[in-house]
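Since the structure comes first, as structure tokens, the remarks are kept for the end.
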Amino acid sequence: MIEAEKRHAVTIEINGSRRTLEVEARKLLVHLIRDDLGLTGTHIGCDTSQCGACTVEIDGEATKSCTVLAVMADGASITTIEGVSPAGSSLDPVQAAFHEHHALQCGFCTAGMIMSVRQLLRQHPDPSEDDIRHGIAGNICRCTGYHNIVRAIESLVAKG
Amino acid sequence: MIPAAFDYIRAGSIAEAIDLLQRDPDGSKLVAGGHTLIPTLKLRLASPALLVDIRGIAEMKGIAVNEDSIRIGALTTHAELLASEPLHKALPIFRQAANLIADPQVRNRGTIGGSLANADSAADWPAVVIALKAELEIASATGSRRVAARDFFVDIFSTTLGPSEVLAAIHIPCPAAGTRFTYRKIRHPASGYAVVGIAAAVRINAGVAANLSIGITGAASHAFPGDIAAEFLAGKPLSQGNIEEAARLQSAATECLSDRYASAEYRASLLGTETRRALLALAA
Ligand SMILES: Cc1cc2nc3c(=O)[nH]c(=O)nc-3n(C[C@H](O)[C@H](O)[C@H](O)COP(=O)(O)OP(=O)(O)OC[C@H]3O[C@@H](n4cnc5c(N)ncnc54)[C@H](O)[C@@H]3O)c2cc1C
Ligand code: FES
Ligand code: FES
């Protein structure tokens, strides 16, 4: 029997804690994260898979959560910006570098940008400027013009 | 944007996926990476009653480089195709093309099978699998068949896949030693898709082109082999003059697509230019 209104149990590990929720199949992961879990650091920009503001890590991979169904994440481990540096702790090195190098203005893109930078640095521990720009190609920033973002990332590499 | 309501189920095997599709072929849709389908659902351009998630099907995963052929499971993501060292050694065109698809996040989710089955007229993999003379393994309730990549694409978003069939894998014959490859495209500045994209493979034997094979995407309503250029160059040296003539002939013989992104005249011009550039890169 096909039941469109049926609710599905979704169990995820989110920022280290296990949660089970009942959702409709059509619920987007980004809505589960923001509305059901109250983790509003993950933003919705374009809602059309282009801007990367909604980027989170699913099983360690940077993913646009506006283009994933919550049911598809059942069983996965998810990290959002709140999991990068829990409230009250000091900033993660990527966040600190963004702060220091003025790599954000309005900050709307920043949470998603940082999730992409974490993946970039895992895959290219010593990236060239080309690698950096290619690595953040899925994140649009309307404010900074990207230069300071690139400088922030380069500063992390220079520190080793 | 919120899709219309649907039900969702995970299939554990190809047989189970086919069984689920057969119960309601018009109302059901497979979902792999979801990076084409979910945007379509959000725009309510499609509203299936059931999504069958195939991502957990082990027999559709993995890259196996064997002695005479290479098997790529349909669920292999663009990121996996980019990262695989054995595949890069055998067929470097995969890394070259994967690097030009979308962005890191999309490459983490999108699959080669989803791209081929979806048959967007501007998608990249269709050109690559045509140039590599791949065969597509298609599973149905009655068994499995293979279709040559050049015969798979029928029209915009249309292939020879039936409504309850699953694209299981891509099989590519190992290229002869010394084969050179290239993929290049004119990226649409907003979407990143190919306005025109050219994949080509050739072996240069005693100064002349042997086994030249070309796949073209973006230019027409579906990807197709660049046979006109390949036939003109067979047994000829890849000289600047021969390449220019081959590119001109291919462009003149192609009925190009016209849409709001690019006119047919513009696509025909890009087709000539990109074919020339791809072949010059192979000759270098
Ligand atoms: C921002 C963005 C940029 C992009 N840029 C590019 C680009 O530059 N070049 C490019 O080529 N593509 C691009 N894409 C498309 C991307 O590569 C898609 O992921 C891919 O085309 C579809 O793969 P999928 O696994 O996500 O398929 P899905 O969205 O899951 O499925 C697509 C369709 O194929 C069917 N299907 C999926 N798998 C199978 C199977 N094994 N057998 C039968 N049917 C199947 C589904 O039912 C559905 O109809 C882009 C996408 C986005 C969101
Ligand atoms: S909100 Fe998801 S990519 Fe823009
Ligand atoms: S800081 Fe404003 S969008 Fe990037």
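The values are calculated or read from the model by the stated rules, or taken from the named source; none is laboratory data. Given the structure is predicted, the values throughout are model-derived calculations rather than measurements. Because the Cβ atoms are built from the backbone with ideal geometry, glycine has one as well, and the counts that use them run over all protein chains shown. Accessible surface areas use protein heavy atoms only, side chains included; no ligands, DNA or RNA. Shrake-Rupley method; radii C 1.70, N 1.55, O 1.52, S 1.80 Å.
Here is a yes/no grid of residues against (1) outside any loop (DSSP other than H, G, I, E, B); (2) open to solvent by less than 30 Å² (accessible area, probe 1.4 Å); (3) out of contact with any helix residue (DSSP H, G or I) (no Cβ under 9 Å at 6 or more places or on another chain):
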| site | (1), (2), (3) |
| --- | --- |
| B:I228 | yes, no, no |
| B:G235 | no, no, yes |
| B:I243 | yes, yes, no |
| B:R248 | yes, no, no |
| B:E265 | yes, no, yes |
| B:T273 | yes, no, no |
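Any residue at all in region A:94-101 that is within 16 Å of ligand 3 (Cβ to nearest atom), more than 12 Å from the chain's Cα centre (by Cα) and free of Cβ contacts under 8 Å to residues at least 24 places away in the same chain?
Yes.
Is it the case that some residue within region B:91-104 is within 16 Å of ligand 2 (Cβ to nearest atom), within 25 Å of B:V31 (Cβ to Cβ), within 14 Å of another protein chain (Cβ to nearest Cβ) and in contact with a strand residue (DSSP E or B) (Cβ under 8 Å, 6 or more places away or on another chain)?
Looking through region B:91-104, at least one residue is within 16 Å of ligand 2 (Cβ to nearest atom), within 25 Å of B:V31 (Cβ to Cβ), within 14 Å of another protein chain (Cβ to nearest Cβ) and in contact with a strand residue (DSSP E or B) (Cβ under 8 Å, 6 or more places away or on another chain).
Could you tell me which numbered condition B:S191 fails, if it satisfies all but one of (1) farther than 26 Å from B:A284 by Cβ; (2) assigned to a loop (DSSP other than H, G, I, E, B); (3) open to solvent by less than 20 Å² (accessible area, probe 1.4 Å)?
(3)
Got at least one residue in region A:95-103 being crowded, with 16+ Cβ neighbours inside 10 Å and within 14 Å of chain B (Cβ to nearest Cβ)?
No, that holds for no residue.
Do you know which of the residues in region B:25-50 that are facing chain A (nearest Cβ under 7 Å) and not in a helix (DSSP H, G or I) is surrounded by the fewest Cβ atoms within 10 Å (Cβ to Cβ)?
Once the filter is applied, the top-ranked residue is B:A49.
With respect to A:A25, is the statement that it is buried (at least 21 other Cβ atoms within 10 Å of the Cβ) and within 14 Å of another protein chain (Cβ to nearest Cβ) true?
Criteria met by A:A25.
Is it the case, given these coordinates, that A:Q123 is away from ligand 1 (no atom under 16 Å from the Cβ) and over 13 Å from the mean Cα position of the chain (by Cα)?
Working: away from ligand 1 (no atom under 16 Å from the Cβ): yes; over 13 Å from the mean Cα position of the chain (by Cα): yes.
The answer is yes for A:Q123.
Please state which one of A:G60, A:G52, A:G45, A:G41 is within 14 Å of chain B (Cβ to nearest Cβ) and under 13 Å from A:I81 (Cβ atoms).
The unique qualifying residue is A:G52.
Only one residue in A:V68, A:V150 is closer than 22 Å to B:K42 by Cβ and without any contact (Cβ under 8 Å) to a residue 60 or more places away in the chain. Which one? First the steps, then the outcome.
Working: A:V150 fails: closer than 22 Å to B:K42 by Cβ.
Residue meeting the stated conditions: A:V68.
Any residue at all in region A:9-17 that is modelled with pLDDT of 95 or more, within 16 Å of ligand 2 (Cβ to nearest atom), within 14 Å of the chain's Cα centre (by Cα) and open to solvent by less than 40 Å² (accessible area, probe 1.4 Å)?
Scanning region A:9-17, I find no residue that is modelled with pLDDT of 95 or more, within 16 Å of ligand 2 (Cβ to nearest atom), within 14 Å of the chain's Cα centre (by Cα) and open to solvent by less than 40 Å² (accessible area, probe 1.4 Å), so the answer is no.
Mind listing whichever residues of region A:129-154 are over 20 Å from A:C46 (Cβ atoms) and either touching a Pro at 6+ places or on another chain (Cβ under 6 Å) or more than 14 Å from chain B (Cβ to nearest Cβ) (or both)?
Result: A:E129, A:H147, A:N148, A:V150, A:R151, A:A152, A:E154.
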